[in-house]
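Notes follow once the structure below has been shown.
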Amino acid sequence: MDLRLYHNSHEFYYRSSFGAVPSGSRLILRLRASGSDAQNCRARIRLWQINVGESFVPMSYEDGIFTGIVTIPPKGCLLWYYFIIDDGHRTFYYGNNYDRLGGEGAKYPDVPPAYQVTVYDKDAHTPDWFKHAIVYQIFPDRFRHGTHTSGRLYGKKGAVIHSDWDDVPYYCKREGQGDIVYYDFFGGNIAGIREKLPYLKELGITAIYLNPIFESSSNHRYGTADYFRVDPMLGTNEEFAEFCQAAREEGIHISLDGVFSHTGADSIYFNRFGNYPGVGAYQSKESPYYEWYRFKHYPDDYESWWGVSDLPDVEETTPSYMDFIINSEDSVLKYWLNEGISGWRLDVIDELPVPFLRQFYHTLKEEKPDAVLIGEVWEDAANKVSYSEQREYLCGYDIDSAMNYAQRSLMIDFMTGAKDARRMNAELTRLIENYPPENFYAMLNLISSHDIERILTVLTRAGGTDVATAEETGRKRLKLLADWQMTMPGAPFIYYGDEIGMRYVEGLTSVEGGYERTGARSPMQWDNGVNAGFSAAPTDKIYIRQDPASDRPTVAGQLDDGESLLNHVRRLIELRQAHSALQSRSGITFVSDGAPKRPLVYKRGNDEETLLVAINPYREEVSFRLDGTLGGALYTFGGEAAQKGETVTLPPVSAGVYGLK
């Protein structure tokens, strides 16, 4: 059969609205058909909606074009579509391409991959302040030790306290059982973070995301003991409220880490070890908290987070638990909003049931409409499948933002040569197509976090050049990555210490959740101090070692160095804040001629200005075609671009932001 078909979800003619669409709207889809048999065919659109099922939209035919009009549902949801073509004898299908990247699709003999349409609540709005935020993540125990209002370091049961910031952290387990009975603490606290607010403001930070601060026996505090109390080693509730006020006066918003899928076994609520007054779920079935937990064989056999007995899972939709966390007038959510925070980041959001998550979001917006809710999502947040359930995080009812691990992976792949610019453009365009504008402009654009390796180490591992060591090359790549991060839509996100290029400490025993977390949580390096990261702790107790290298980066060592990474990041933040075209809400257009080895080039623009960003991670000069003329360079690293006619050439390992004439 002579039948050629074409549809492209990136072209307005074939899909009347690029990307996500508002609820209650309509969408025109077109399919081009050519060949002698085209006019004898019938075509229809097959739609699929979760919890609704399939439906079909007939298509009309005129002059080689099939046209169908899709009525978009009145509420946010995910829709999927492909085309079915029938000539009376055979049936063909046209759907997404094999890589599911959107854009031009393909003809299939059987059911094809579907195109995605993210439908978002037309009234959903993400906080404007967050769209323009520069976010800084702090692991409280490892950032800065300041003086409590009491003037002393607060200790507690089960804590091993280090007197030297550069010591080796370690921990002890219960013999024969594996439970952690002693966690060590470096003494980082709220007072220390407050002391460094001037540093953060000067860097350009406008929002801080804090890892858990609630009372806990662990140093990472992901096993909550009391949701209404700041861990005494960090400070007091009063100190925290004063810190929020001081940050607000500096133009900095504070968001907290909400850990609501599990509690600590050593807590008011479970009280496995009897360390708290009252009766916990472990102690009696008559406990008011008993119904929160899932016991298999009471009391020692219970469901826990990934089998970690110190972190018993909760039944989040239990009415009394939802009241405690969300609904009551004195709920956890409302209490900390009243103390001065501007939002929450939800830990392991995939493990939170939809009713719990949506009630949390709804109540948060009722209490404080401009508060932000961020989800920990490791994949494309617009179509994540969690435990076999399709989630609809970005449809207007769940979250404002997600930790943009999906984009981070693409950025690193490009910087290390695993993917070329052509593939990068396609995969980034897929994210843009899937994300509603309100969410896309509020994505948390990270390159490191407390859960993964330090970014410098990742980039260094890719190797060096003939004239530079692996780490020298890694630091150059990190500067390029910062250029990219600070010029993309969304909220740039800095994990403490990445602004100076702190290294991941290699070769440590996997603790604190394991995987790549361990070596990424060493204390912030403010100056060289003493000990250079060594300790007298027994070898079998070594936990997280401070970077032992004599040339470890420090804030003090980079402040006055105009070429340092710290000042590079600071200048990029200043550039972003000075140009509206580089901020969220301004459009992005990728510039590519389709050749595989090309730089990453994109335009950012609005009604006021249009700028061009060009990044070359390769070890040699590369060129691209530009329909236009470069203006002055606003910022460059590694050398300035040269234009001859329509050809622009970039120096090796370089980046720049340019005006356009």
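Numbers for the structure displayed
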read-out: Full-extension gain in nm, Thr649 to Ala578, via 0.36 nm per residue minus C-alpha separation; value: 22.9 nm
read-out: Kirkwood Rh, angstrom, the chain [1 / mean 1/r, Cα pairs]; value: 26.9 Å
read-out: Nearest 10 degrees, 0 to 90: helix 565-578 Cα axis against the chain principal axis; value: 50 degrees
read-out: Whole-number accessible area per residue in Å² for the stretch 298-366, which is evaluated in the context of all protein chains at 1.4 Å; value: 37 Å²
read-out: Relative contact order of the stretch 598-655, defined on C-alpha pairs under 8 angstrom at six or more residues apart (%); value: 36 percent
read-out: Size descriptor, Kirkwood hydrodynamic radius, that averages inverse alpha-carbon separations across the stretch 4-65, Å; value: 13.2 Å
read-out: Straight-distance crosslink candidates among aspartates and glutamates, where the alpha carbon sits under 12 Å from Lys365 and sequence neighbours closer than 8 are dropped; value: Asp398, Asp400
read-out: Relative contact order for the chain, counting Cα pairs under 8 Å that sit 6 or more residues apart, in percent; value: 11 percent
read-out: Which listed pairs, of Lys296/Lys384; Lys419/Lys476; Lys603/Lys644; Lys334/Lys384, have C-alpha distances above 21 Å, in listed order; value: Lys296/Lys384; Lys334/Lys384
read-out: Under 22 Å from the Cα of Lys201 - lysines, other chains or at least 8 residues apart; value: Lys131, Lys479
read-out: Relative packing of peptides 550-558, 188-196 - highest average C-beta neighbours within 10 Å first; value: 188-196, 550-558
read-out: For Pro312, net neighbour charge (Lys/Arg +1, Asp/Glu -1) across residues whose Cβ lies under 9 Å away; value: -1
read-out: Cα point-scatterer Debye curve for the stretch 343-392, base-10 log of I(q)/I(0) at q = 0.19, 0.30 Å⁻¹; value: -0.64, -1.24
read-out: Efficiency of FRET from Cβ geometry, Ser16 and Arg44, R₀ 25 Å, rounded to 0.05; value: 0.90
read-out: Dimensionless Rg/Rh of the stretch 180-290 - Kirkwood Rh, Rg from C-alpha atoms; value: 1.06
read-out: Nearest-ten-degree value, helix 237-249 long axis tilted from longest Cα axis of the chain; value: 40 degrees
read-out: Surface share of carbon and sulfur [accessible, 1.4 angstrom probe, percent] for the chain; value: 48 percent
read-out: Where labels lie 7 Å past Cα in the beta-carbon direction, separation of Lys661 and Lys285 in nm; value: 8.3 nm
read-out: Dipole-positive endmost among Phe12, Gly343, Phe228 within the chain (Cβ charges, Cα centre); value: Phe12
read-out: At q = 0.14, 0.21, 0.29 Å⁻¹, base-10 log of I(q)/I(0) for the stretch 55-111 (Debye sum, equal scatterers on each alpha carbon); value: -0.49, -1.03, -1.31
read-out: Label-point separation in nm, Glu249 to Arg571, each point 7 Å along Cα→Cβ; value: 3.3 nm
read-out: 3J(HN,Hα) from dihedral phi, the stretch 619-636, Karplus parametrisation 6.51/-1.76/1.60, rounded to Hz, x for glycine, proline; value: 7, 9, 4, 9, 10, 8, 8, 10, 8, x, 10, 5, x, x, 7, 7, 6, 9
read-out: Where the Cα pairs of the stretch 335-467 fall when distances are cut into 10 Å bins, in %; value: 11, 37, 32, 15, 5, 1
read-out: Angle between the chain longest axis and helix 354-367 axis [Cα atoms, degrees, rounded to 10]; value: 80 degrees
read-out: Accessible surface, per residue, of the stretch 29-116 when the full set of protein chains is kept, probe 1.4 Å, Å²; value: 51 Å²
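The values are calculated or read from the model by the stated rules, or taken from the named source; none is laboratory data. Just so you know, these numbers come straight off a predicted model, no measurement behind them. FYI the Cβ positions are ideal-geometry reconstructions off the backbone, even for glycines, and counts take in every protein chain you see. Accessible surface areas use protein heavy atoms only, side chains included; no ligands, DNA or RNA. Shrake-Rupley method; radii C 1.70, N 1.55, O 1.52, S 1.80 Å.
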